[in-house]
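Report on the following structure.
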Ligand code: GUN
């Protein structure tokens with residue numbers, strides 16, 4: 001039976017640590033500030049942005065909110081980013097994705113100053129991670145590393161399999177695991193013998209966006225299983241991940257639940273990145 005990795009508790013600990021660090025900066029006369037931009041009124045994005053602002057408030061970070069209409073011109077959004085890039089009172093800039101279709105997301109991400117890129121999506125941040133120099137790291141994979149470390153999961157020399165190769169999770173996840181001296185395999189929709197590769201993993205990280213795709217036939221006995229997925233089970237109010245939790249639980253050594261695993265870590269890492277941005281800019 002698996003030990004449950006409690007993301008709610010670990011994210012709370014991390015937020016409490018950030019709160020103390022932010023208060024320390026305040027004593028030195030430095031206020032940490034995040035600018036949050038939401039374009040349109042996508043319901044999921046509105047909830048995410050609300051939770052990010054709440055986490056800022058909890059940790060003592062000031063948040064400046066920009067809620068722009070769906071038909072905002074790309075140029076106006078880019079101008080706002082320029083303004084925030086030049087504003088010394090703003091340490092981090094977050095543009096909630098997805099953006100409306102008429103706006104080029106890549107162009108918007110590139111416009112954010114890499115010094116204020118608390119999401120870690122700018123090519124400069126991605127490049128820094130790849131060559132192993134300090135920079136902002138995408139919050140979800142950074143949160144997974146923190147879950148693994150704080151649950152005493154050995155990464156040095158471990159066989160870690162990452163299922164999924166997205167720019168936001170899979171690829172940065174692999175880079176972070178390499179930094180921890182793990183032997184990393186990235187799998188995706190074209191991978192042959194996925195089951196046998198996963199069954200060789202000491203640590204299995206799943207981020208494929210397919211409900212309950214990974215069952216016990218993909219898991220080695222005693223392996224640590226990290227589930228990045230989150231889905232609403234059709235016709236219910238219940239959530240599930242990319243891993244079939246009921247089937248995986250008896251076999252795994254450690255496992256993250258959904259909800260209450262990786263999810264809460266993303267926002268805790270965001271506030272930590274805001275603190276780091278303020279330190280860097282000081
Ligand atoms: N949309 C879904 N996840 C994220 C995230 O981590 N950051 C931003 N900016 N938008 C998102």
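If the chain between residue 26 and residue 104 were fully stretched, how many nm would it gain, using 0.36 nm times the residue separation less the Cα-Cα distance?
So the chain would gain 24.4 nm between residue 26 and residue 104.
Where q = 0.13, 0.23 Å⁻¹, what log10 of I(q)/I(0) comes from the Debye formula for segment 34-116, counting one point per Cα?
Computed log10 I(q)/I(0) values: -0.38, -1.18.
Whole-Å semi-axes of the chain's equivalent ellipsoid, largest first, each the root of 5 times a Cα gyration tensor eigenvalue?
So the equivalent ellipsoid measures 32, 21, 18 Å along its semi-axes.
Between segment 165-186 and segment 199-224, what is the separation of their alpha carbon centroids in Å?
So the separation of the two Cα centres works out to 16 Å.
In nm, give the distance between the simple-model label positions of residue 97 and residue 279, each being 7 Å from the Cα along the Cα-to-Cβ direction.
Modelled inter-label distance: 2.6 nm.
Using alpha carbons only, how many angstrom separate the centre of segment 62-88 from the centre of segment 1-61?
Measuring centre to centre over Cα atoms gives 21 Å.
Taking only the C-alpha atoms, wrap a convex hull around segment 1-63 and report its volume per residue in Å³ as a whole number.
Output value, Cα hull per residue: 83 Å³.
Would you work out the relative contact order for the chain, in percent, from Cα pairs under 8 angstrom that are 6 or more residues apart?
Relative contact order of the chain: 23 percent.
Along Cα→Cβ, 7 Å out, is where each label goes; now give me the distance between the ones at residue 134 and residue 78 in nm to one decimal.
With each label point 7 Å from Cα toward Cβ, the separation is 3.2 nm.
Could you give the length gained by full extension between residue 193 and residue 64, i.e. 0.36 nm per residue of separation minus their alpha carbon distance, to one decimal place?
Once the chain is fully extended between residue 193 and residue 64, it gains 41.6 nm.
Cα atoms only, segment 177-282: Rg and Dmax in Å?
15.9, 51
Based on Cα coordinates alone, diagonalise the gyration tensor for segment 1-144, multiply each eigenvalue by 5, take square roots, and list the semi-axes in whole Å, largest first.
26, 19, 17
What is the antiparallel percent of DSSP beta bridges lying wholly in segment 140-282, to the nearest 5?
So the antiparallel bridges in segment 140-282 amount to around 10 percent.
In percent, how large is the relative contact order of segment 127-282, given Cα pairs closer than 8 Å and 6 or more residues apart?
Here the relative contact order equals 21 percent.
With each pseudo-label sitting 7 Å past Cα toward Cβ, what's the residue 86-residue 232 distance in nm, one decimal?
Once both label points are built, they end up 4.3 nm from each other.
Report the per residue volume, in Å³, of the convex hull enclosing the C-alpha atoms of segment 220-282.
Spread over its residues, the Cα hull of segment 220-282 gives 102 Å³ apiece.
May I ask for the angle, rounded to the nearest 10°, between helix 170-179 and the longest principal axis of the chain, with both axes built from Cα atoms and the value confined to 0 to 90°?
Helix 170-179 sits roughly 80 degrees off the main axis of the chain.
Send over the per residue convex hull volume for segment 63-173, Cα only, as a whole number of Å³.
Convex hull of Cα atoms, per residue: 131 Å³.
What FRET efficiency comes out for residue 45 versus residue 213 if R0 is 22 angstrom and r is the Cβ-Cβ distance? Round to the nearest 0.05.
0.30
Using only helices, what value at 222 nm comes out for the chain when you add -39,500 (n - 2.57) per DSSP H run of length 4 or more and divide by the total residues, to the nearest 500 deg cm²/dmol?
-13000 deg cm²/dmol
Using only the alpha-carbon atoms, how far is helix 74-86 inclined from the longest principal axis of the chain? Give it as 0 to 90 degrees, nearest 10.
Helix 74-86 and the main axis of the chain meet at about 80 degrees.
Under 8 Å for C-alpha pairs, at least 6 residues apart: give me the relative contact order for segment 84-134, rounded to a whole percent.
32 percent
Only the coordinates and a few stated rules stand behind these numbers; no lab work does. Because the structure is a prediction, the values reported are computed rather than measured. Methodologically, a virtual Cβ is constructed for each residue, glycine included, from the backbone with ideal geometry; neighbour enumeration extends over all protein chains shown.
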